[in-house]
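Presented below is the structure to which this report refers.
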There are 2 protein chains.
Amino acid sequence: MRSQLRIFFAFVLALAAGLAFGTRALAGADPLPSWNDGAAKRAILELVRATTNKSSPELVPPEQRIATFDNDGTLWPSHPMYTQLAFALDRIKALASQHPEWKTKEPFKAALDNDLEALAAAGEKGLVELVMASHAGMSTDEFEAIVTDWLKTARHPRFKRRYTELAYQPMLELLAYLRANGFKTYIVSGGGIEFMRPMTEAVYGVPPEQVIGSSIETKYEMKDGKPVLMRLPKIDFIDDKAGKPVGINKFIGRRPIAAFGNSAGDRQMLEWTGAGSGARLMMLVLHDDAEREYAYGPANGLPDTKFGIFPESLMEEADKKGWVVISMKKDWARIFAFEE
Amino acid sequence: MRSQLRIFFAFVLALAAGLAFGTRALAGADPLPSWNDGAAKRAILELVRATTNKSSPELVPPEQRIATFDNDGTLWPSHPMYTQLAFALDRIKALASQHPEWKTKEPFKAALDNDLEALAAAGEKGLVELVMASHAGMSTDEFEAIVTDWLKTARHPRFKRRYTELAYQPMLELLAYLRANGFKTYIVSGGGIEFMRPMTEAVYGVPPEQVIGSSIETKYEMKDGKPVLMRLPKIDFIDDKAGKPVGINKFIGRRPIAAFGNSAGDRQMLEWTGAGSGARLMMLVLHDDAEREYAYGPANGLPDTKFGIFPESLMEEADKKGWVVISMKKDWARIFAFEE
């Protein structure tokens with residue numbers, strides 16, 4: 001009787017262990033819980049299967065598993081304006097007392113007045129002037145401290161949350177899923193490399209050495225007997241459009257297997273990625289959810305935008321080349337971690 | 001009796017296993033077998049202890065363990081000339097039939113005549129002209145194939161071996177030892193980034209994304225319907241002297257914990273590394289072994305060199321700042337893997 005009881009208990013324990021294991025396996029079976037079932041989610045799972053399954057004819061050695069992600073509009077919002085532009089405008093305001101001439105001089109007047117129309121009219125030249133006035137003239141250490149402070153206090157005008165809380169939950173899951181399968185995840189953004197680096201590790205799990213972006217020149221100098229890198233008001237590199245493959249080649253020296261973007265600025269990165277041989281995945285996030293985030297651009301039949309344009313020609317290229325368009329509305333069960 | 005025999009055999013087996021384990025442990029106890037005991041070797045072991053021992057007050061999280069290595073003269077020879085210059089001269093010869101004007105035009109004439117004096121007289125401007133003529137005008141893929149082919153066939157004039165066989169064995173052990181302790185090892189060289197990348201992974205265990213070097217501009221273009229990056233005859237970045245901290249900040253975005261060089265071109269990299277807080281290691285390889293490799297430069301009381309100058313002022317700075325000078329003659333038991 002006692003030994004029968006023992007066998008019974010052993011059986012129960014084994015069953016419980018089996019159930020626990022099964023539950024864990026089931027929980028582990030969906031690495032992308034914020035993605036609805038559909039073509040986008042299936043394409044991701046299929047890329048990972050094809051490149052990591054040991055019996056797959058398209059198996060890729062781990063060191064060649066490179067995935068590149070645009071930032072603005074792909075990993076976090078780019079509306080109502082690029083986060084870095086919001087930072088630049090705040091910096092201009094903070095520095096205005098030292099520059100009384102800005103009150104009457106464009107594009108600074110527009111920045112101080114929050115006049116987005118006038119800022120847009122100032123064009124690229126005006127934006128560069130704003131960036132130079134707000135991003136240069138200090139050491140790299142000082143700039144990092146300024147950005148870090150700003151990210152702690154600044155709030156998104158619509159969501160009333162820190163910008164770092166606005167990382168898209170489905171993309172965080174995708175980044176983690178790719179890394180769990182041996183991929184190195186890179187950010188390849190038109191945004192400033194030193195504007196992004198202070199937050200990418202904590203927010204996206206992407207270390208500074210895997211962040212590629214636009215940059216201004218720096219100069220090595222001795223200051224009070226200590227070496228510093230001073231940020232100069234001179235463009236070094238624009239990591240956008242045809243600059244993205246250039247930046248990828250310069251920083252990584254390998255062609256990505258997967259690339260993720262959301263706008264015309266990502267077109268060449270996706271072309272470059274797609275031109276390699278073997279399994280590939282190119283995806284574009286479409287902003288079509290005005291309720292939970294934003295909807296804009298001709299691909300939605302909506303007016304154009306200055307911050308992350310997705311023109312019809314990009315949709316045509318995507319169709320032609322088999323790039324997968326992610327509908328935020330349909331493909332994402334949840335957009336932000338803070339949602340109910 | 002039988003059980004006593006069994007116990008005896010079990011004891012012998014345990015002893016043998018113990019001996020085998022002990023021998024392995026002893027073998028594992030010297031991760032740097034090609035380094036003679038001395039201050040240089042002790043400094044390396046001490047840095048690793050200080051930054052990785054869990055009870056060390058200077059423990060460094062793995063993601064911050066960055067070590068940077070110059071290439072020419074630090075990881076492989078830079079004499080009788082930089083390997084990349086040997087490559088450029090061979091390329092100029094290979095292309096000469098398409099450029100009859102080179103027969104009478106400097107610096108090409110000097111290159112075709114192997115006239116190192118005249119090449120030196122052509123100065124930096126002349127060298128840049130040679131590099132542009134030999135390194136630009138093709139796609140990045142084509143250039144990689146050209147470099148890979150050259151490395152397979154070219155031989156060092158003194159050692160009669162492939163250049164990739166000339167990696168210094170003690171430095172290979174150092175790279176592997178640091179990586180085994182969680183360090184990311186980077187190459188930060190004045191040499192061309194795309195000249196080094198085809199061989200760094202196989203030779204040094206350093207993947208392309210951890211190679212920083214000088215570069216020429218590239219341009220994204222469509223060629224026969226496929227995207228290519230064309231190499232332009234225009235300097236993009238010179239990763240030497242004050243350019244090394246700039247390159248480190250641009251590519252890595254973190255300050256190294258350890259830096260290794262051999263010449264005035266590495267001074268600022270060592271300064272920048274040494275200016276961080278916590279445990280640090282800055283080392284300079286001194287070429288003082290004419291018998292096994294080369295001996296040159298004023299720090300040896302020998303004539304100056306064009307390829308890796310180690311001036312007296314660098315030795316003074318090393319003394320003052322506690323940078324460790326590695327004597328190839330005294331600190332290295334073996335220089336090349338192919339030595340007896």
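The values are calculated or read from the model by the stated rules, or taken from the named source; none is laboratory data. The structure presented is a predicted model; accordingly, all values stated were derived computationally and were not measured. Ideal geometry is used to build each Cβ from the backbone, glycine not excepted, and the neighbour counts take in all protein chains shown. What goes into the accessible areas is simple: the full protein's heavy atoms, side chains included, and nothing from ligands, DNA or RNA. Shrake-Rupley method; radii C 1.70, N 1.55, O 1.52, S 1.80 Å.
Brief remarks on what is shown
- Across the stretch B:163-286, the volume of the C-alpha convex hull divided among the residues equals 136 Å³ per residue.
- Inter-copy separations for B:PHE338, label at 7 Å along Cα-Cβ, nm, ascending: 6.4
- When the protein assembly as shown is reduced to its Cα atoms, the Kirkwood hydrodynamic radius in Å: 28.3
- Accessible area (Å², 1.4 Å probe, nearest 10) - A:SER97: 100
- Placing +1 on the Cβ of every Lys and Arg and -1 on the Cβ of every Asp and Glu, with nothing else charged, gives the protein assembly as shown a dipole about its Cα centre of roughly 2220 debye.
- Accessible area per residue (1.4 Å probe, heavy atoms of protein chains only) ranks A:SER134, B:SER277 as B:SER277, A:SER134, with the largest value leading.
- Of all beta-carbon atoms in chain B, the one sitting closest to the axis that brings chain B onto chain A gives B:PHE251, 3, with the distance in whole angstrom.
- Mean residue ellipticity at 222 nm, helices only, chain B: -13500 deg cm²/dmol; runs of at least 4 DSSP H residues each add -39,500 (n - 2.57), and the sum is divided by the number of residues.
- Using a 7 Å projection from Cα along Cα-to-Cβ, the label point at A:ALA145 is separated from the same position in the remaining copies by 5.3 nm, smallest value first.
- Which of A:ARG231, A:ARG158 is most accessible, then next, and so on - probe 1.4 Å: A:ARG158, A:ARG231
- Around the Cα centre of the stretch B:221-340, unit charges on the Cβ atoms of Lys, Arg, Asp and Glu (plus for the first two, minus for the last two) sum to a dipole of about 660 debye.
- Counting Cβ atoms of other protein chains within 10 Å of each Cβ in B:221-234 and taking the mean gives 2.
- Subset of B:LYS152/B:LYS306; A:LYS234/B:LYS219; A:LYS234/B:LYS241; A:LYS250/B:LYS223; A:LYS234/B:LYS244 violating a 24 Å alpha-carbon distance limit: B:LYS152/B:LYS306
- Those residues of the stretch B:260-299 for which accessible area with every protein chain present is at least 30 Å² below the isolated value (1.4 Å probe): B:GLU271, B:TRP272, B:ALA275
- Position A:LEU59, label points 7 Å along Cα→Cβ, spacing to each other copy in nm (shortest first, one decimal): 3.8
- For chain A, relative contact order (Cα pairs under 8 Å, six or more residues apart, normalised by length) works out to 22 percent.
- Accessible area per residue for the stretch A:248-317 is 32 Å², calculated with a 1.4 Å probe on protein heavy atoms, without ligands, DNA or RNA.
- On the protein assembly as shown, 57 percent of the accessible area sits on carbon and sulfur atoms, based on a 1.4 Å probe.
- Among A:LEU45, B:THR83, B:PRO298 - extreme Cα towards positive end, dipole of the protein assembly as shown, charges at beta-carbon: A:LEU45
- Hits among lysines - C-alpha to C-alpha of B:LYS41 under 24 Å, sequence gap 8 or more where chains match: B:LYS54, B:LYS184, B:LYS320, B:LYS321, B:LYS329, B:LYS330
- Angstrom value of the Kirkwood radius, inverse mean 1/r, which spans all Cα pairs in chain A: 22.0
- Compactness relative to 2.2 N^0.38 Å, alpha carbon Rg of the stretch B:226-340: 1.27
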